[in-house]
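Novice: To start, I am sharing the structure in question, which I have written as structure tokens.
The values are calculated or read from the model by the stated rules, or taken from the named source; none is laboratory data. From a predicted model like this one, the values you see are computed outputs, not experimental measurements. Note that each Cβ is placed from the backbone with ideal geometry, even for glycine, and that neighbours are counted across all protein chains shown.
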Amino acid sequence: MFFKFSVVLIVLMTVFIVGCGYEPYQEETSPDKSIVIQTNLDSEGQFYYKVLYKGKVVIDSSTVGFEFKNIPPMKNGFEILRAKKQSDSESYELPWGEQRYVESDYNQLKIDLREKENLGRKFSVIFRIFNDGIGFRYDFPKQKNIDSVVITDELTQFRLTGDHKVWWTPGDWDIYEHLNNTSKISEIDALSKRSHSSLAQTYIPFNAVNTPVTMKTEDGIYLSFHEANLTDYADMTLLVDTENLVLTSGLAGNDLGYKVEQKTPFVTPWRTIQIAERAGDLIESNLILNLNEPNQLADISWIKPMKYVGIWWEMHLGKSSWDMASGRHGATTENAKRYIDFAAKHGFDGVLVEGWNTGWENWIGDDREGIFDFVTPYADYDLEEVVSYANEKGVQIIMHHETSAAVSTYEQQLDTAFALCERLGIHAVKTGYVGQIIPDGYYHHGQYMVRHYRKVLLKAAEHKVMVNAHEPIKDTGIRRTFPNMISREGLRGNEFNAWSSDGGNPPEHLTIIPFTRMLSGPIDFTPGIFDIKFDKYKPNNQVNTTLAHQLALYVVIYSPIQMAADLPENYEGHPAFQFIKDVGINWDETKVLEGEIGEFVTIARKERETGNWFIGSVTDENDRKITIPLSFLGKDKTYRAMIYKDAEDAHWDKNPTAYVIENKEVQNTDELKIYLAPGGGVAISLFAN
Ligand code: NOJ
Ligand code: CA
């Protein structure tokens, strides 16, 4: 009797499995087996995945799905048509980056889902499992019952396994310029943090966080959530269910009531989860780049990392102005020449000139449309003359396109604007999008703007121009495919210290940024302020770090373009300026030696071509003693070390400019013991003799 029953059951089960196509349960691991993805369908035919790290669940059963305008959602009633595995392993070279060669090694699991009833619509979930994390995306094939779709919500869940400690900024649809908050997941309350930015109108849905968002579990595992290859889609914020500890994708939208319009076939960006045991491994990870396509630009000879100075900080301090009517115009021919002379004398590659074109008298406000044209200089600024003077001195001018978020105007001007750059031999432009997007109803991080930023990048490439975008869309690794995407802002840069009414960036700011914002890509932070208090211009503002901390940022913060942001007169004759002149800008290798999020971080980078190493370390408001083992240096070689460190009585507020320079010879068997003052840091050049 029992035997018969079992046979019947087995037969029934076989019929069931065959009837459904593939077995719903699927599993795949990372190449080193440390990460496991398990997927299945639940009783309602909802697809879910689970992530394990070293045998422990780090993401519990999380479902996926989509809601659309005018057609039924796709979130349950699925069957699995096919499950396919595939592996890939390669190494590629970056024209510029934190390192020269990148390893990409993953196992892929692709699951084709189809609605059993309804319209029989299909999409696939593609998982790529690397040793340092996972990415997954949705692939909508061309099919009868979906042609054009309007996505009103993407329902990707990330079910956390505990009330982790989290470093987060609010999921603003317009600007990423917010300070990081540190809390438990259950304590996230994004709405109460909404007014950090004084420059833009912001829209923050309740309890949403921006990505990359980084957390630490009770077991000491670090997780960071972000996305890769954001192309023709909307930025993903994460909506936080503070009770059930579930994050769900919350796409940035528009006032038309939808998030994304697409036509099949299409793929979404990759949803990424970095997993690490050491906080520094998050920074060393290449997950985001590995999930982007290889370089698509044929000629990249004009793409070059550079250090630059510029007519910039003086406006933020109020020493001069962007507009001419004030009588304190910064971008005059004469002033530009002064900066060019300074750049040439000290070996800088570029000079940024802001406020060079007409329109700045009225650049913020309701009548912004059509104000800037990007080709008409002010009467006191002879563009041609400045450019030819720069050429003579071997310095490049960096063009500035502040759009004041009048995107429609800028799009009409793009051809003319970039043709001018090409004619003048200008290979770099800094763009800006201050204010609310024109046309009305769109936000900086929605699909409309994702398309716009990409359009600008491609137009720039046509004219051999690199783009450094301020008020950008967040980085998702696009620089691998379009290496003219040289850097971007997308955080509270040094400029906030010049004018922010909330006191500027606190000392801990740059001990969090490397583990959050910097995981997405290069940052144009504009470091290097030596006149920390600038009482002459802004007695109520200051930089909240020591001078040595400012130096360390050239290594800690990665960007292939770095500004020496302070006024030339504050650098001239200053011994610490030597570090900014010496520090590398393009790297063979990067090592995060030590660090804890929100406390301190120490990073070493090896310069391409010279083999010199540079080390930067920054601390929060607490002082600390660090030990830096130099075991990463070449064996049996002697390096000349120049150490720029906080003086013993240095303090970010009470004594920020007290520093000491120490010179000595070191080898890879040595250790450096260094004191970091409150809000302090250390910057070290190691010259390979
Ligand atoms: C905001 C940018 O972040 C800043 O660098 C620039 O100077 C102003 N906009 C003006 O364009
Ligand atoms: Ca900005």
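Novice: H444 - would you say it is within 15 Å of ligand 1 (Cβ to nearest atom), more than 20 Å from A564 (Cβ to Cβ) and not β-branched (V, I, T)?
Specialist: yes
Novice: Another question about this same structure. Being within 16 Å of ligand 2 (Cβ to nearest atom), at pLDDT 95 or above, surrounded by fewer than 23 Cβ atoms within 10 Å (Cβ to Cβ) and small (G, A, S), is that true of even one residue in the range 427-439?
Specialist: Within the range 427-439 (the criterion being within 16 Å of ligand 2 (Cβ to nearest atom), at pLDDT 95 or above, surrounded by fewer than 23 Cβ atoms within 10 Å (Cβ to Cβ) and small (G, A, S)), the answer is yes, since at least one residue qualifies.
Novice: Something else: Out of all the residues in the range 652-689, which are in a loop (DSSP other than H, G, I, E, B), touching a strand residue (DSSP E or B) at 6+ places or on another chain (Cβ under 9 Å) and either closer than 17 Å to K606 by Cα or free of Cβ contacts under 8 Å to residues at least 24 places away in the same chain (or both)?
Specialist: Within the range 652-689, Q667, N668, N689 meet the criteria.
Novice: Related question: Any idea which of G490, G446, G503 is surrounded by fewer than 22 Cβ atoms within 10 Å (Cβ to Cβ) and not basic (K, R)?
Specialist: G503
Novice: Restricting attention to the range 471-486, does a residue exist that is closer than 22 Å to E293 by Cα, away from ligand 1 (no atom under 16 Å from the Cβ), in a strand (DSSP E or B) and at pLDDT 95 or above?
Specialist: yes
Novice: If we scan the range 493-505, do we find a residue that is hydrophobic (A, V, I, L, M, F, W, C), away from ligand 1 (no atom under 14 Å from the Cβ) and either under 27 Å from I371 (Cβ atoms) or touching a strand residue (DSSP E or B) at 6+ places or on another chain (Cβ under 7 Å) (or both)?
Specialist: No, that holds for no residue.
Novice: Name the single residue that is nearest to I529 (Cα to Cα) among those in the range 316-354 being within 16 Å of ligand 2 (Cβ to nearest atom) and touching a strand residue (DSSP E or B) at 6+ places or on another chain (Cβ under 7 Å).
Specialist: L352
Novice: Output yes when any residue across the range 585-592 is in the same structural domain as N668 (by TED's automatic domain parsing), within 30 Å of P95 (Cβ to Cβ), acidic (D, E) and buried (at least 18 other Cβ atoms within 10 Å of the Cβ), and no when none is.
Specialist: Within the range 585-592, one or more residues are in the same structural domain as N668 (by TED's automatic domain parsing), within 30 Å of P95 (Cβ to Cβ), acidic (D, E) and buried (at least 18 other Cβ atoms within 10 Å of the Cβ).
Novice: Sort through T481, T403 and tell me the only one that's outside the structural domain of F136 (by TED's automatic domain parsing), away from ligand 2 (no atom under 16 Å from the Cβ) and of a type in the set (S, T, N, Q).
Specialist: T481
Novice: Further question on the same structure: In contact with an Asp or Glu (Cβ under 7 Å, 6 or more places away or on another chain) and at positive phi: does that describe G528?
Specialist: Yes: the conditions hold for G528.
Novice: Tell me yes or no: at least one residue of the range 623-632 is out of contact with any helix residue (DSSP H, G or I) (no Cβ under 9 Å at 6 or more places or on another chain), of a type in the set (S, T, N, Q) and either assigned to a loop (DSSP other than H, G, I, E, B) or surrounded by 15 or more Cβ atoms within 10 Å (Cβ to Cβ) (or both).
Specialist: Scanning the range 623-632 turns up at least one residue that is out of contact with any helix residue (DSSP H, G or I) (no Cβ under 9 Å at 6 or more places or on another chain), of a type in the set (S, T, N, Q) and either assigned to a loop (DSSP other than H, G, I, E, B) or surrounded by 15 or more Cβ atoms within 10 Å (Cβ to Cβ) (or both).
Novice: Here's something else I'd like to know. Just need a number here: residues in the range 614-642 that are within 29 Å of the chain's Cα centre (by Cα) and either closer than 15 Å to L551 by Cβ or not assigned by TED's automatic domain parsing to the domain that holds I557 (or both).
Specialist: Summing the residues that are within 29 Å of the chain's Cα centre (by Cα) and either closer than 15 Å to L551 by Cβ or not assigned by TED's automatic domain parsing to the domain that holds I557 (or both) in the range 614-642 gives 6.
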